[in-house]
1. Could you point to the residue in A326, F316, V407 farthest towards the positive end of the chain's charge dipole, with +1 and -1 charges on the Cβ of Lys/Arg and Asp/Glu respectively?
2. Between the alpha-carbon centers of the range 385-402 and the range 328-380, tell me the distance in whole angstrom.
3. Among S67, S258, V236, whose Cα projects farthest towards the positive end of the dipole of the chain, with charges put on the beta-carbon of Lys, Arg (+1) and Asp, Glu (-1)?
4. Long-range amide H contacts for R8: which residues qualify at under 5 Å (H placed 1.01 Å from N, peptide plane, sequence gap of 5 or more or a different chain)?
5. So what is the calculated 222 nm ellipticity per residue for the chain, using -39500 (n - 2.57) for each DSSP H run with n of 4 or more, over all residues, to the nearest 500 deg cm²/dmol?
6. Normalised by the residues of the chain, what does the relative contact order come to in percent, with Cα pairs under 8 Å and at least six apart?
7. What percent does the relative contact order of the range 1-113 come to when contacts are Cα pairs within less than 8 Å and at least six residues apart?
8. What's the carbon and sulfur percent of the chain's accessible surface, probe 1.4 angstrom, rounded to a whole number?
Amino acid sequence: MPETPRTRDIDVAVIGGGPAGLAAALGAKRAGAATVLVLERDRSLGGILNQCVHDGFGLFLYKETLSGPEYAERLAEDALREGVAVETGAMVLDLGPDRLLRVNARSGYSLVRAGAVVLAMGCRERTRDMIGIPGTRPAGIYTAGSAQHLVNLRNLRVGNEAVILGSGDIGLIMARRLTLEGVRVKGVYEIMPWANGLERNVRQCLMDFGIPLRLRSTVVDVRGRDRVESVVVAEVDDRMVPVPGSETVVPCDTLLLSVGLIPENELSKRAGVELSPVTGGAVVDETLMTSVPGVFSCGNVLHIHDVADWASFEGFAAGERAVRYAAGERPSGRTVRIAAGAEVRYALPQTVRAGAAGVEWSFRVVRPLRDVRVEVRGRDSGKTYARRKFGRLLPSELQKIKVKAEVDEDLEVGVHV
Ligand SMILES: Cc1cc2nc3c(=O)[nH]c(=O)nc-3n(C[C@H](O)[C@H](O)[C@H](O)COP(=O)(O)OP(=O)(O)OC[C@H]3O[C@@H](n4cnc5c(N)ncnc54)[C@H](O)[C@@H]3O)c2cc1C
């Protein structure tokens with residue numbers, strides 16, 4: 001007869017021990033949860049921060065600049081000191097009805113029954129297959145994050161001459177990292193007319209090292225049998241189609257891809273959580289609760305963050321709200337929907353309970369803009385609920401706008417000149 005698995009009853013269970021998950025656990029504990037458990041599949045806490053050895057983390061949360069591992073250590077120490085229970089090497093396999101988690105851990109298979117669950121599983125990188133780069137399939141092609149792991153955690157050299165496709169932050173940071181490791185970075189090629197990473201990363205990681213950034217261009221071929229020998233790059237037109245005759249062969253032995261991040265939501269999907277086709281993360285209300293009651297979401301699994309501090313702040317908020325749900329508080333009232341208006345790619349949360357006040361929206365724009373006003377307006381009444389001026393808005397920068405008043409109709413967050 002099969003053995004009955006060990007079952008634990010927990011107030012708030014957090015899936016993922018990166019900055020968002022650790023902050024969620026701390027938030028729940030500080031808000032009064034008796035039992036909070038973080039389940040992390042890796043051998044250590046910290047998530048992606050562990051491979052980000054450069055500094056610049058924690059300016060908002062700790063008011064100092066830390067490396068990724070220092071930031072992770074600080075959060076993990078705070079969580080443990082305040083009584084958060086942690087299980088590493090513990091992969092959550094499934095989130096079932098009534099918030100029952102199936103967990104495969106070093107200690108064996110077990111079940112966790114949670115009063116509330118916080119999803120904080122982070123994201124993964126887009127790969128060559130997902131963007132369909134033609135050519136041979138030799139060694140020497142890495143996602144920027146896997147190269148970051150090999151260089152920073154395994155002390156391995158990934159090549160001698162590199163081309164980077166995509167100007168996301170990880171690609172920019174790796175351009176500098178590889179240069180410091182003695183690799184010749186021949187250029188960063190970006191299909192859009194603007195850089196996709198933060199401006200400070202373009203300055204500090206490319207310009208300071210004389211690494212060229214080629215906008216409106218892409219890799220159209222990879223050459224080499226066993227190892228990459230060269231890539232062919234070409235300019236693209238306004239429809240992002242390669243321009244015939246603009247091809248250039250760039251000799252290199254390494255191609256790094258920094259072409260986007262995807263929230264890791266397989267678990268959420270199986271649990272019936274409604275996902276947004278725009279963010280790839282859950283659709284949430286102002287408490288960061290998903291469409292499945294008692295299941296909250298934060299950090300990169302909800303939407304991609306450019307600064308780890310924002311993922312942590314979102315984690316604190318999700319943890320605080322999760323403990324209130326676990327204690328029996330239930331949302332009530334009509335659901336108000338929020339749409340992305342002119343020039344806005346998405347606004348989050350996507351729903352709000354009618355009557356909620358002081359709600360803050362995160363949003364991203366679709367293209368760089370100057371001297372604009374962002375407004376939150378009632379869709380029926382046309383009433384302006386909030387207005388904020390921006391000298392400059394970039395798609396790479398997550399922005400915020402807050403509505404102080406009570407919300408009682410469907411809204412739109414849009415850009416106005
Ligand atoms: C490859 C990569 C490199 C990055 N480099 C930088 C950088 O250099 N600088 C920077 O500012 N930002 C960087 N970022 C952005 C960074 O990810 C975020 O700022 C921040 O780490 C997001 O925190 P998080 O907690 O949401 O996710 P993560 O840090 O990714 O943490 C998620 C955690 O969930 C765990 N997990 C996932 N699924 C399960 C499961 N089923 N069961 C148990 N545990 C699970 C994972 O193992 C992981 O530890 C990088 C992101 C990626 C993907």
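1. The residue sitting farthest along the positive end of the dipole is V407.
2. That distance is 12 Å.
3. Farthest towards the positive end: V236.
4. L111, V112, R113
5. Details: 7 runs with 77 residues, N = 417.
Counting only the DSSP helices, I get -5500 deg cm²/dmol.
6. Numbers: 1069 pairs, mean separation 67.5, N = 417.
That works out to 16 percent.
7. Relative contact order here is 29 percent.
8. Working: 9280 of 18780 Å².
Whole-percent figure for carbon plus sulfur exposure: 49.
The values are calculated or read from the model by the stated rules, or taken from the named source; none is laboratory data. It should be emphasised that the depicted structure is a prediction, and the values quoted were computed from it without experimental measurement. Note that each Cβ is placed from the backbone with ideal geometry, even for glycine, and that neighbours are counted across all protein chains shown. When the accessible area is computed, the model is the full protein with side chains, heavy atoms only, and any ligands, DNA or RNA have been set aside. Shrake-Rupley method; radii C 1.70, N 1.55, O 1.52, S 1.80 Å.
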